[in-house]
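Reading through the structure tokens given below for one structure.
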Amino acid sequence: MDTATHMLRTGRRGTLFEAQMALRDLRTSVERIDLARSLAWHDVVSRYRGSILGPLWITLSMGLMILGIGVLWGGLFRVPVHEFVPLVAVGIVFFGFVTTTINEGCDTFVQAAGMLSQTALPMFTFVWRTVLRNLINLGHHVVIVGAVLVWAGLWAGANYPAAALGFIFLVINVAWISMLVAIISARFRDIPQAVASVTQAAAIMTPVYWPPDRIPEKYRWILDFNPFYHLLQAVRAPLIGKAVEPHSYLVLALMALIGWGLVFSLFANTRRRIVHYL
Amino acid sequence: MTNVSISCRDLSLRFPVYGVDAKSLKKHLAKIAVGGKLGSHHGSTEVTAISGLNLELKAGDRLGLIGHNGSGKTTLLRALSGAYEPDEGSIEVNGHIAALLDLSLGIDPTATGFDNIRLRGRIAGLTAKQVDERLDEIAEFSGLGPFLAMPVKTYSAGMQARLAFAAATAVEADVLLMDEWIAVGDADFQKLAHRRLLKLVERAGILVLASHDVELLRLYCNKVMRMEGGVASPVTDIKKLDELMAA
Ligand SMILES: Nc1ncnc2c1ncn2[C@@H]1O[C@H](COP(=O)(O)OP(=O)(O)OP(=O)(O)O)[C@@H](O)[C@H]1O
Ligand SMILES: [Mg+2]
């Protein structure tokens, strides 16, 4: 064990110092990302201990939902099943990742209260834990996407590099939102309900279950002003053989910059207090 | 290991008290609406748990903390563990810290005993490999045998305590922080637990032990400090414990 460990904690010394400390928290959490990974795996494994299918249960229920919505609503919207099912499948799987990572973000620090009040673990570790846990679950659900793409014959035509790029944008943005709600929920206990309503509304306003091109031109702005739309499109469009609108990348990049800037400064300002909120 | 040290300078630590009601955003927003200070924490009650504490410890020091309930002992230990940030002053610790404050740390009742041992080890800073190397030893020490493959929620209270103790004490530390002497379990296990803790204490460069048990402090400590309402007495030799208690 390394004896070279050194810890120095002091009172507030101005904004710059607080930012440096916040940055150090971030850096340590990245150096010890292995710990976040272990915690995430522990969550997944222990949640499904004793069940036969594990996280695949959710995969299964997602699959049924996709089948139901894909076939039924496809008829309703008069879109061919081979076009509609992939749209809904990719939508539900990736949007599910967005909503659960944000919803579970509310518990990030609250759940870690015991550890945060007697160890010097970085707080970011718990943010990564939530994100990684959801990535692991997504890894199971992605099976559906693969199966549907093969079935619909879209498999060969998909633009995987673009989808990967979009996915990186998605994760970066979802991570800051998840951390934002983690901090606010630690302080105000009624936030998780509010967050749940927002993500629920977002799932309806965003073309997850319906084809985006069905929206009349005069209501297009509803999509353009919906950040979740851009998040989803950046991943989904390349997978189902459509192009991502260039301005979506602009929106996502700006969102990531502004969002992380905001969350980081919030964290720098509340870092000392979060443990007392709990 | 000789450069192990703890140094607190003018350490003050306050707890903001967020009333149960104020935790609701509704009320917070209402306050803004009637012209209260936006986002201001001033004016809210604060509990001063530690004020102006100075403390210097070096390798070989075994410090006992005494003081009435609420005098700030646990708060000091948490601050030394790095969990609580000082409001004023500084804390400097050289050496690997192990805080045995709350044995149930990181214990997940739905997970199995083995999973909990792994989790606890990882939280304490062991690598996955180190945890695996110690797994057998921890399992054996806990004496829980086949129960380790079962969820912890199926354990009796004493069995849970055994598991928590075995997992928590499977660490190496230069600085050992303890809130009460944590030997737990039935008579047999307690004997083992005492021995294990002593070994841990011997290996550690510095021990800080908070306890209400004077005899215990005499047994394991060579120095003592008394806390009273967040203010600490000077560190004195354990032989002067009686005088300190009387003061
Ligand atoms: N999380 C907290 N929020 C607000 N106040 C707290 C919190 N924890 C402790 N305090 C306050 O800080 C003071 C010191 O508490 P602490 O737990 O350090 O006392 P202690 O010396 O360990 O007492 P005991 O002998 O009962 O264990 C007390 O007045 C207590 O009310
Ligand atoms: Mg206490």
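Quick one: which of A:ILE172, A:ILE102, A:ILE66 is touching a helix residue (DSSP H, G or I) at 6+ places or on another chain (Cβ under 6 Å), open to solvent by 40 Å² or more (accessible area, probe 1.4 Å) and on the phi < 0 side of the Ramachandran plot? Give the steps one after another, and end with the answer.
Working: A:ILE102 fails: open to solvent by 40 Å² or more (accessible area, probe 1.4 Å); A:ILE66 fails: open to solvent by 40 Å² or more (accessible area, probe 1.4 Å).
The conditions single out A:ILE172.
Looking only at residues that are of a type in the set (Ser, Thr, Tyr) and open to solvent by 10 Å² or more (accessible area, probe 1.4 Å) in region B:63-84, which one is farthest from ligand 2 (Cβ to nearest atom)? Step through it out loud before you land on a result.
Taking region B:63-84 first, the residues of a type in the set (Ser, Thr, Tyr) are B:71, B:74-75, B:81, B:84.
Now restrict to residues that are open to solvent by 10 Å² or more (accessible area, probe 1.4 Å): B:74-75, B:84.
Values: B:THR74: 3, B:THR75: 8, B:TYR84: 13 Å.
Here the residue is B:TYR84.
Scan the helices (runs of 4 or more DSSP H) fully inside region A:97-199 and keep the ones with 2 or more residues being away from every other protein chain (no Cβ under 14 Å).
Numbers: elements: A:108-111, A:113-116, A:124-152, A:160-187.
By residue number, A:124-152, A:160-187.
State the number of residues belonging to region B:169-208 that are more than 14 Å from every other protein chain (Cβ to nearest Cβ) and away from ligand 1 (no atom under 16 Å from the Cβ). Reasoning before the result, please.
We begin by selecting, within region B:169-208, every residue more than 14 Å from every other protein chain (Cβ to nearest Cβ); these are B:169, B:181, B:183-199, B:201-202, B:207.
Imposing the further condition that a residue be away from ligand 1 (no atom under 16 Å from the Cβ) reduces the set to B:169, B:183-199, B:201-202, B:207.
The total comes to 21.
Among the residues of region A:43-85, count how many are touching a residue at least 24 places away in the same chain (Cβ under 8 Å) and either in a helix (DSSP H, G or I) or among the aromatic types (Phe, Trp, Tyr) (or both). Before the answer, list the steps.
In the first step, residues of region A:43-85 are kept if they are touching a residue at least 24 places away in the same chain (Cβ under 8 Å); the result is A:43-44, A:54-56, A:58-59, A:62-63, A:65-66, A:69, A:73, A:77, A:79, A:82-85.
Checking the rest, the ones that are also either in a helix (DSSP H, G or I) or among the aromatic types (Phe, Trp, Tyr) (or both) come to A:43-44, A:56, A:58-59, A:62-63, A:65-66, A:69, A:73, A:77, A:82-85.
Total satisfying the criteria: 16.
Take the residues of region B:112-146 that are of a type in the set (S, T, N, Q) and open to solvent by less than 20 Å² (accessible area, probe 1.4 Å): which is farthest from the other protein chains (Cβ to nearest Cβ)? Show your work before the answer.
Quick first cut of region B:112-146, residues of a type in the set (S, T, N, Q) only: B:112, B:116, B:127, B:130, B:142.
Going one step further and asking which of them are open to solvent by less than 20 Å² (accessible area, probe 1.4 Å), we end up with B:112, B:116, B:142.
Working: B:THR112: 7, B:ASN116: 9, B:SER142: 18 Å.
Going through the qualifying residues, I end up with B:SER142.
Taking the options B:PRO109, B:PRO16, name whichever one is under 24 Å from the mean Cα position of the chain (by Cα), surrounded by fewer than 20 Cβ atoms within 10 Å (Cβ to Cβ), at pLDDT below 85 and more than 20 Å from A:PRO122 (Cα to Cα).
On the way: B:PRO109 fails: at pLDDT below 85.
Just a single option satisfies the conditions, and that option is B:PRO16.
Among B:GLY158, B:GLY64, B:GLY89, which is the only one that is over 19 Å from the mean Cα position of the chain (by Cα) and part of a strand (DSSP E or B)?
Numbers: B:GLY158 fails: part of a strand (DSSP E or B); B:GLY64 fails: over 19 Å from the mean Cα position of the chain (by Cα).
Unique residue meeting the criteria: B:GLY89.
Within the bounds of region B:173-193, is there any residue that is of a type in the set (Val, Ile, Thr), open to solvent by less than 10 Å² (accessible area, probe 1.4 Å), within 23 Å of A:GLN118 (Cβ to Cβ) and in contact (Cβ under 8 Å) with a residue 12 or more places away in the chain?
To start, the set of residues in region B:173-193 that are of a type in the set (Val, Ile, Thr) comprises B:175, B:182, B:184.
Cutting the leftovers down to open to solvent by less than 10 Å² (accessible area, probe 1.4 Å) gives us B:175.
Filter once more, keeping what is within 23 Å of A:GLN118 (Cβ to Cβ): B:175.
From what's left, in contact (Cβ under 8 Å) with a residue 12 or more places away in the chain: B:175.
Looking through region B:173-193, at least one residue is of a type in the set (Val, Ile, Thr), open to solvent by less than 10 Å² (accessible area, probe 1.4 Å), within 23 Å of A:GLN118 (Cβ to Cβ) and in contact (Cβ under 8 Å) with a residue 12 or more places away in the chain.
Can you name the residue in region A:258-278 that is among the hydrophobic types (A, V, I, L, M, F, W, C) and more than 16 Å from ligand 1 (Cβ to nearest atom) and, of all such residues, is most open to solvent (accessible area, probe 1.4 Å)? Give the steps one after another, and end with the answer.
Looking only at region A:258-278, we keep the residues that are among the hydrophobic types (A, V, I, L, M, F, W, C), and these are A:258, A:260, A:262-264, A:266-268, A:274-275, A:278.
Now narrow it down to the ones that are more than 16 Å from ligand 1 (Cβ to nearest atom): A:258, A:260, A:262-264, A:266-268.
Working: A:ILE258: 115, A:TRP260: 58, A:LEU262: 96, A:VAL263: 0, A:PHE264: 46, A:LEU266: 55, A:PHE267: 0, A:ALA268: 9 Å².
Ranking the candidates gives A:ILE258 first.
Mind checking which residues of region A:34-83 are out of contact with any strand residue (DSSP E or B) (no Cβ under 9 Å at 6 or more places or on another chain), within 24 Å of B:VAL152 (Cβ to Cβ) and not hydrophobic (A, V, I, L, M, F, W, C)? Break it down into steps so the answer makes sense when it comes.
Kept after step one, since they are out of contact with any strand residue (DSSP E or B) (no Cβ under 9 Å at 6 or more places or on another chain), are these residues of region A:34-83: A:34-45, A:47-48, A:51-83.
Filter again for within 24 Å of B:VAL152 (Cβ to Cβ), leaving A:34-45, A:47-48, A:51-55, A:57.
Once the filter is applied, which keeps residues that are out of contact with any strand residue (DSSP E or B) (no Cβ under 9 Å at 6 or more places or on another chain), within 24 Å of B:VAL152 (Cβ to Cβ) and not hydrophobic (A, V, I, L, M, F, W, C), region A:34-83 yields A:ASP34, A:ARG37, A:SER38, A:HIS42, A:ASP43, A:ARG47, A:TYR48, A:SER51, A:GLY54, A:PRO55.
Can you work out which of the residues in region B:147-168 that are within 14 Å of another protein chain (Cβ to nearest Cβ) and not aliphatic (A, V, I, L, M) is least open to solvent (accessible area, probe 1.4 Å)? Full working, then the answer.
First pass over region B:147-168, keeping only residues within 14 Å of another protein chain (Cβ to nearest Cβ): B:148-154, B:164, B:167-168.
From the residues that got through so far, the ones that are not aliphatic (A, V, I, L, M) too are B:151, B:153-154.
Numbers: B:PRO151: 37, B:LYS153: 129, B:THR154: 70 Å².
For region B:147-168, the residue satisfying everything is B:PRO151.
Which of the residues that make up region B:71-84 are without any contact (Cβ under 8 Å) to a residue 24 or more places away in the chain and either more than 10 Å from the chain's Cα centre (by Cα) or more than 9 Å from ligand 1 (Cβ to nearest atom) (or both)?
Of region B:71-84, the ones without any contact (Cβ under 8 Å) to a residue 24 or more places away in the chain are B:78, B:82-83.
Once the filter is applied, which keeps residues that are without any contact (Cβ under 8 Å) to a residue 24 or more places away in the chain and either more than 10 Å from the chain's Cα centre (by Cα) or more than 9 Å from ligand 1 (Cβ to nearest atom) (or both), region B:71-84 yields B:GLY82, B:ALA83.
At the interface with another protein chain (Cβ under 9 Å from one of its Cβ atoms) and open to solvent by 40 Å² or more (accessible area, probe 1.4 Å), is that true of A:HIS6?
Working: at the interface with another protein chain (Cβ under 9 Å from one of its Cβ atoms): yes; open to solvent by 40 Å² or more (accessible area, probe 1.4 Å): yes.
In short, yes.
I'd like the residue in region B:85-106 that is in contact with a helix residue (DSSP H, G or I) (Cβ under 7 Å, 6 or more places away or on another chain), facing chain A (nearest Cβ under 7 Å) and open to solvent by less than 10 Å² (accessible area, probe 1.4 Å) and, out of all such residues, is nearest to ligand 2 (Cβ to nearest atom).
B:LEU105
A:ASN137 versus (1) at pLDDT below 95; (2) of a type in the set (S, T, N, Q); (3) under 30 Å from A:ARG272 (Cβ atoms): which is the lone unmet condition?
Here A:ASN137 clears every test but (3).
Here is a check on your reading of the model: is B:ARG218 closer than 16 Å to B:ARG62 by Cβ, within 14 Å of another protein chain (Cβ to nearest Cβ) and more than 16 Å from ligand 1 (Cβ to nearest atom)?
On the way: closer than 16 Å to B:ARG62 by Cβ: yes; within 14 Å of another protein chain (Cβ to nearest Cβ): no; more than 16 Å from ligand 1 (Cβ to nearest atom): yes.
So B:ARG218 does not fit the description; no.
The values are calculated or read from the model by the stated rules, or taken from the named source; none is laboratory data. Keep in mind that what you see is a predicted model, and the values were worked out from it rather than measured. Quick reminder, even Gly has a Cβ in these numbers, built from the backbone with ideal geometry, and neighbours come from all protein chains shown. Calculation scope for accessible area: heavy atoms of the full protein, side chains included, ligands and nucleic acids excluded. Shrake-Rupley method; radii C 1.70, N 1.55, O 1.52, S 1.80 Å.
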